[in-house]
Amino acid sequence: MPEPDTRRRERLDLSWETAEELAEWCVPLPVDAYGDAHRATAEPLPAAASQLARAAARFGRDLGEAGLLHVTGVLPPPTLPPTPGRPYVELRHPIGTEPLMLALGGLVGEVISFADWHGGDRVQNLYPLRAEAARQNASNAVYLEMHTETAFRPNTPDALILLCLRPDPGARTLVCDLHEVWDGLDPATRGALAEPAFAFHLPDGTSTEPKPVATPRGGRLRFNYADALCAVDERHRLPLRTLREGILARTVEITLRAGDLLFLDNLHLVHGRSGYGPRYDGTDRWLQRCLIRAAAERG
Ligand SMILES: [Fe+2]
């Protein structure tokens with residue numbers, strides 16, 4: 001695995017005092033993290049977390065080139081229940097970190113949700129489900145293919161935040177910066193990837209509407225990618241393969257620990273996860289996630 005590009009990877013280790021103050025601040029706050037009837041704004045973070053707040057706001061301003069922000073030291077709730085065995089949309093018990101997720105999301109941009117995904121919940125809870133083990137989603141156990149989060153949607157999020165509540169040392173989060181891959185591509189390959197020539201094959205034998213992998217956005221590039229993407233003709237096959245090989249060569253691995261926060265710039269990072277071995281006994285890996293639209297995209 002290559003060394004990550006430090007220009008686009010920032011790390012912030014919270015002090016014990018800051019983490020304790022944050023944990024205390026989270027407890028009494030009522031939030032509407034679940035369901036789709038919620039207040040638009042979250043409570044601001046306490047003053048003790050000003051360094052974290054500044055880092056999150058800076059990440060939001062830099063979207064498009066913000067890369068990865070890895071924060072360590074958040075205290076998971078001491079009374080974290082066993083990892084559930086059914087979708088969280090059937091439970092929706094706040095576990096205490098929702099105010100933090102929503103506040104951080106609000107500093108990066110605007111937390112968004114999809115009515116047809118996790119029931120419109122703004123804080124999404126991700127853990128392995130036995131019935132999903134072999135599928136291509138975050139509840140699986142097999143290798144989760146590299147992807148832009150909800151790629152090619154009109155409202156594809158610009159960023160996401162992940163919080164590790166319960167880790168699994170066997171599950172490695174995979175991240176690749178497509179700017180780094182792009183920098184190594186020749187002009188012809190770049191040109192081909194900017195053409196609407198990439199689609200997904202559907203089970204009924206048809207394909208989705210062809211779209212470009214790279215599109216201009218505010219003077220920068222927005223990438224949409226998933227390993228399952230196919231070129232619609234011969235001319236675009238090699239450029240896609242070249243991109244895929246570049247991603248393979250430049251992917252970095254992160255083994256999340258309890259209390260790790262990852263801010264991912266979804267405009268130019270793709271992510272995935274190694275396969276691992278869930279036990280389905282309440283001790284499995286558990287993440288929370290927020291999807292975010294850049295502030296400049298509002299309204
Ligand atoms: Fe994802």
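The values are calculated or read from the model by the stated rules, or taken from the named source; none is laboratory data. Bear in mind that the values here come from a model prediction, so they are computed numbers and not experimental data. We place every Cβ from the backbone using ideal geometry, glycine too, and count neighbours over all the protein chains shown. In case anyone asks, the SASA skips ligands and DNA or RNA and just uses the protein heavy atoms, side chains included. Shrake-Rupley method; radii C 1.70, N 1.55, O 1.52, S 1.80 Å.
Within the stretch 130-160, work out how many residues are open to solvent by less than 20 Å² (accessible area, probe 1.4 Å) and away from the ligand (no atom under 13 Å from the Cβ).
Residues that pass the stated criteria total 2.
Could you please let me know if residue 250 is over 16 Å from residue 147 (Cα atoms), more than 16 Å from the ligand (Cβ to nearest atom) and of a type in the set (Lys, Arg)? Show your work before the answer.
Details: over 16 Å from residue 147 (Cα atoms): no; more than 16 Å from the ligand (Cβ to nearest atom): yes; of a type in the set (Lys, Arg): yes.
Spelling it out, it is not the case that residue 250 is over 16 Å from residue 147 (Cα atoms), more than 16 Å from the ligand (Cβ to nearest atom) and of a type in the set (Lys, Arg).
Search the stretch 113-129 for residues being of a type in the set (A, V, I, L, M, F, W, C) and open to solvent by 30 Å² or more (accessible area, probe 1.4 Å), and hand back the single one that is farthest from the ligand (Cβ to nearest atom).
115
Take residue 226 and tell me if it is out of contact with any helix residue (DSSP H, G or I) (no Cβ under 9 Å at 6 or more places or on another chain), in contact (Cβ under 8 Å) with a residue 24 or more places away in the chain, of a type in the set (A, V, I, L, M, F, W, C) and within 18 Å of residue 142 (Cβ to Cβ).
Numbers: out of contact with any helix residue (DSSP H, G or I) (no Cβ under 9 Å at 6 or more places or on another chain): yes; in contact (Cβ under 8 Å) with a residue 24 or more places away in the chain: yes; of a type in the set (A, V, I, L, M, F, W, C): yes; within 18 Å of residue 142 (Cβ to Cβ): yes.
So residue 226 fits the description; yes.
Report yes if some residue within the stretch 204-213 is free of Cβ contacts under 8 Å to residues at least 40 places away in the same chain, surrounded by 20 or more Cβ atoms within 10 Å (Cβ to Cβ) and either polar (S, T, N, Q) or part of a loop (DSSP other than H, G, I, E, B) (or both); otherwise report no.
The answer is yes, given that some residue of the stretch 204-213 is free of Cβ contacts under 8 Å to residues at least 40 places away in the same chain, surrounded by 20 or more Cβ atoms within 10 Å (Cβ to Cβ) and either polar (S, T, N, Q) or part of a loop (DSSP other than H, G, I, E, B) (or both).
How many residues does the stretch 264-299 hold that are assigned to a strand (DSSP E or B) and either within 14 Å of the ligand (Cβ to nearest atom) or of a type in the set (D, E, K, R) (or both)?
Counting residues in the stretch 264-299 that are assigned to a strand (DSSP E or B) and either within 14 Å of the ligand (Cβ to nearest atom) or of a type in the set (D, E, K, R) (or both) gives 14.
Go through (1) assigned to a loop (DSSP other than H, G, I, E, B); (2) touching an Asp or Glu at 6+ places or on another chain (Cβ under 7 Å); (3) within 14 Å of the ligand (Cβ to nearest atom) one by one and return the number of the condition residue 168 breaks.
It is condition (3) that residue 168 fails.
Within the stretch 231-239, is even one residue in contact with a Phe, Trp or Tyr (Cβ under 6 Å, 6 or more places away or on another chain), in a loop (DSSP other than H, G, I, E, B) and at pLDDT 95 or above?
The answer is no; no qualifying residue exists.
Pull out all pairs, ordered by first then second residue, where Cβ-Cβ is under 6 Å, the residues are six or more apart or on different chains, the first lies in the stretch 117-132 and is assigned to a helix (DSSP H, G or I), and the second is open to solvent by less than 10 Å² (accessible area, probe 1.4 Å).
Pairs that qualify, where the first residue is assigned to a helix (DSSP H, G or I) and the partner is open to solvent by less than 10 Å² (accessible area, probe 1.4 Å), are 118/124; 132/140.
Please tell me if residue 19 is modelled with pLDDT of 95 or more, open to solvent by less than 40 Å² (accessible area, probe 1.4 Å), out of contact with any Cys (no Cβ under 9 Å at 6 or more places or on another chain) and farther than 22 Å from residue 122 by Cα.
The answer is yes for residue 19.
Regarding residue 181, is this residue farther than 28 Å from residue 128 by Cα and open to solvent by less than 30 Å² (accessible area, probe 1.4 Å)?
When the stated conditions are applied, residue 181 passes them.
Any residue in the stretch 69-89 that is without any contact (Cβ under 8 Å) to a residue 40 or more places away in the chain and in contact with a Phe, Trp or Tyr (Cβ under 6 Å, 6 or more places away or on another chain)?
No, the stretch 69-89 contains no residue that is without any contact (Cβ under 8 Å) to a residue 40 or more places away in the chain and in contact with a Phe, Trp or Tyr (Cβ under 6 Å, 6 or more places away or on another chain).
Inside the stretch 236-253, can you point out the residues that are hydrophobic (A, V, I, L, M, F, W, C) and open to solvent by 10 Å² or more (accessible area, probe 1.4 Å)? Walk me through it before giving the result.
We begin by selecting, within the stretch 236-253, every residue hydrophobic (A, V, I, L, M, F, W, C); these are 238, 240, 243, 247-249, 252.
Matches in the stretch 236-253: 238, 248, 249, 252.
Examine the stretch 89-112 for a residue that is among the basic types (Lys, Arg), surrounded by fewer than 16 Cβ atoms within 10 Å (Cβ to Cβ) and within 16 Å of the ligand (Cβ to nearest atom), and state whether such a residue exists.
Among the residues of the stretch 89-112, not one is among the basic types (Lys, Arg), surrounded by fewer than 16 Cβ atoms within 10 Å (Cβ to Cβ) and within 16 Å of the ligand (Cβ to nearest atom), which makes the answer no.
State whether the residues of the stretch 177-188 include one that is part of a loop (DSSP other than H, G, I, E, B), under 24 Å from residue 260 (Cβ atoms) and touching a residue at least 12 places away in the same chain (Cβ under 8 Å).
There is no residue in the stretch 177-188 that is part of a loop (DSSP other than H, G, I, E, B), under 24 Å from residue 260 (Cβ atoms) and touching a residue at least 12 places away in the same chain (Cβ under 8 Å).
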